[in-house]
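Read through the structure below, which is laid out as structure tokens, and then see the notes.
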Amino acid sequence: MKFILATKENMIRVFADDGRAYAGTILNVAPVTVTQVKTEAGKDGYAAVQVGMGSRKTKNVSKAVLGHTDGKGYEALREFRGAEGVEEGAVIDVSTFAVGDVVRVSGLSKGKGFSGVVKRHGFHGGPRSHGQKHTERSPGSIGGSGGRAGGRVVKGKKMAGRMGTDRVTVTNLKVLAVDAKAGHIVISGAVPGRRGTLLEVVSA
């Protein structure tokens with residue numbers, strides 16, 4: 001199992017050896033340090049590897065985290081379940097991946113603020129004729145009076161609200177290019193988030 005932390009850069013077009021063009025996303029990969037190795041036989045009861053990336057001023061890191069990381073202020077700490085074969089203190093970089101590897105990428109999607117039902121849930125809206133004036137993008141009836149719900153709006157009803165900033169995982173993406181010197185990796189297709197979003201890249 002291969003894994004790494006990366007930040008999203010921008011999308012490009014990559015031409016393969018057969019002449020086909022592929023959409024790809026450039027990820028900036030900084031080396032990560034293994035901060036903890038968990039095992040099923042240990043007190044945690046499951047196998048996982050925790051890694052830290054980047055650095056922060058120690059005054060901005062809680063004492064609990066500083067104690068856990070031996071006084072090092074990492075910018076991000078993430079845990080990968082099922083990972084094995086590494087030791088605490090080991091450094092992992094982008095060279096662990098190779099062209100053709102199939103990976104899954106997880107991260108937070110773009111935040112879109114308070115959105116209506118047409119944008120958030122794909123509602124069609126009301127008709128644009130026959131006297132409709134201000135209800136083209138309204139949700140319509142929400143079934144809160146006298147229906148099966150007993151005079152209330154049921155939980156989970158599709159309505160307007162905050163949209164985005166959800167954890168999204170995209171699977172079956174291929175590694176198109178690896179530049180170990182520059183610390184870049186190119187993944188096929190689009191990945192969650194905006195530029196600078198922290199992503200978890202794990203081999204399938």
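Considering only Gly183, Gly42, Gly82, the mean-square fluctuation computed in a Gaussian network model of the chain, springs between alpha carbons under 10 angstrom, is largest for Gly42.
Evaluating 6.51 cos²θ - 1.76 cosθ + 1.60 at θ = phi - 60° for every residue in segment 124-129, the Karplus couplings come out as 7, x, x, x, 9, 9 Hz, glycine and proline recorded as x. Fully extending the segment from Ala41 to Asp179, taken as 0.36 nm per residue of separation minus the present Cα-Cα distance, adds 45.9 nm. Extension gain for Val91-His124 works out to 6.8 nm (0.36 nm per residue, less the C-alpha to C-alpha distance).
Averaging 1/r over each pair of different alpha-carbon atoms in segment 116-164 and inverting the result gives 12.2 Å, the Kirkwood hydrodynamic radius. Each residue of segment 93-104 was assigned a 3J(HN,Hα) from its phi angle through the Karplus expression (A = 6.51, B = -1.76, C = 1.60, θ = phi - 60°), giving 10, 5, 5, 5, 8, 10, 4, x, 5, 9, 10, 10 Hz with x at Gly and Pro.
With springs only between Cα atoms under 10 Å, which of Thr35, Thr135, Thr69 fluctuates most in a Gaussian network model of the chain? Comparing Thr35, Thr135, Thr69 in a Gaussian network model of the chain, the most mobile one is Thr135. Among Asn28, Asn172, Asn60, the largest mean-square fluctuation in a Gaussian network model of the chain, built with springs joining Cα atoms closer than 10 Å, belongs to Asn60. Each residue of segment 132-140 was assigned a 3J(HN,Hα) from its phi angle through the Karplus curve 6.51 cos²θ - 1.76 cosθ + 1.60 (θ = phi - 60°); the sequence is 5, 10, 10, 10, 4, 10, 7, x, x Hz, with glycine and proline shown as x.
Computed over the alpha carbons of the chain, Rg followed by Dmax gives 22.8, 70 Å.
Here, each number is a calculation from the coordinates, and none is a lab measurement. Just so you know, these numbers come straight off a predicted model, no measurement behind them.
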